[in-house]
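Below: one structure, written as structure tokens.
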Amino acid sequence: MDTTADGCPVEVYRLLPPAGEAEIVHRVAPAGAAVLDLGTGTGRIAHRLIELGHPVTAVDDSAEMLAHVRGAETVRARIEDLDLRRRFPVVLLASHLVNQPDSHALLATVARHLADDGVAVIEWHPPSWFDTVAEGGGHLGEVLVSLTGVVRDGPLLSATVRYQARGRSWEQPFTTRRLSEPELRARLVEAGLRFSRWCTPDHRWFAANRAKVAHSPQPGYGM
């Protein structure tokens, strides 16, 4: 089987080259900090993070994807269901997963696994992407990636990605939700996170921290 339950073509993910994602995380993360990579796929980002000196725990719900991950602790699980009972200095949520129509459970997992002084590094589709996305495509490494059937329905955008490489082709439909910056920040707060800063000039990557909760004084302590 070369396609996961949600339609991701495993062979394509093996062929897609890194695009500087690990370097973005590395610039934000403390030196040598452990990274929880949620939705790691075949390890495209994880492998580079390891080269940069970061131990990685790689999470994916596809055994076929995880079979290609090297040098990392691997955990097979849905992101929404993950509960490792430990926290990490860095949690990575890439691939625009935050723009899924309902990403509340994903962000709750990020918060649940983020150390009190840790940083979450998250990729998203900013509103400008929804204004400009159109059918067409180009090469990522040896893979020709094209977008077809773009349909806008209020805040939702649906389309199909077609991948072509080595004489084969794969298609993967998807639906993504437009979030304004205030909506994004509110969704983070709902999950127990707070927006920290933009990580790239194009605002496609941002950092978040655990929200600080004010504790009421307990009777008998400082009263």
Q: Whole Å is fine, so just give me how far the alpha carbon centre of the stretch 36-50 lies from that of the stretch 14-32.
A: 9
Q: Find, among the trypsin sites (Lys or Arg not before Pro) in the stretch 95-173, those assigned to loop by DSSP (not H, G, I, E, B) with at most 13 other beta-carbon atoms within 10 angstrom.
A: Arg166
**Q.** Antiparallel DSSP beta bridges within the chain, percent to nearest 5
**A.** 65
Q.
Output wanted: per-residue J couplings in Hz (rounded whole) for the stretch 84-93, from phi through Karplus 6.51 cos²θ - 1.76 cosθ + 1.60, θ = phi - 60°, x for Gly and Pro.
A. 7, 6, 8, 10, 10, x, 9, 10, 10, 10
**Q.** Reported label for calculated mean projected area of the Cα convex hull in nm² given (i) 14.2; (ii) 13.0; (iii) 11.6
**A.** (i)
Q. Amide H of Gly118: which non-local residues (sequence gap of 5 or more, or other chain) have their own amide H closer than 5 Å, using H built in the peptide plane?
A. Arg210
Q. Roughly what % antiparallel, to the nearest 5, for the DSSP beta bridges in the stretch 83-205?
A. 85
Q | At most 16 other Cβ within 10 Å, DSSP loop - GluC sites (Glu not before Pro), the stretch 1-102 | A | none
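Here, each number is a calculation from the coordinates, and none is a lab measurement. In this text the structure is predicted, and so the values were computed from the model without any measurement. Quick reminder, even Gly has a Cβ in these numbers, built from the backbone with ideal geometry, and neighbours come from all protein chains shown.
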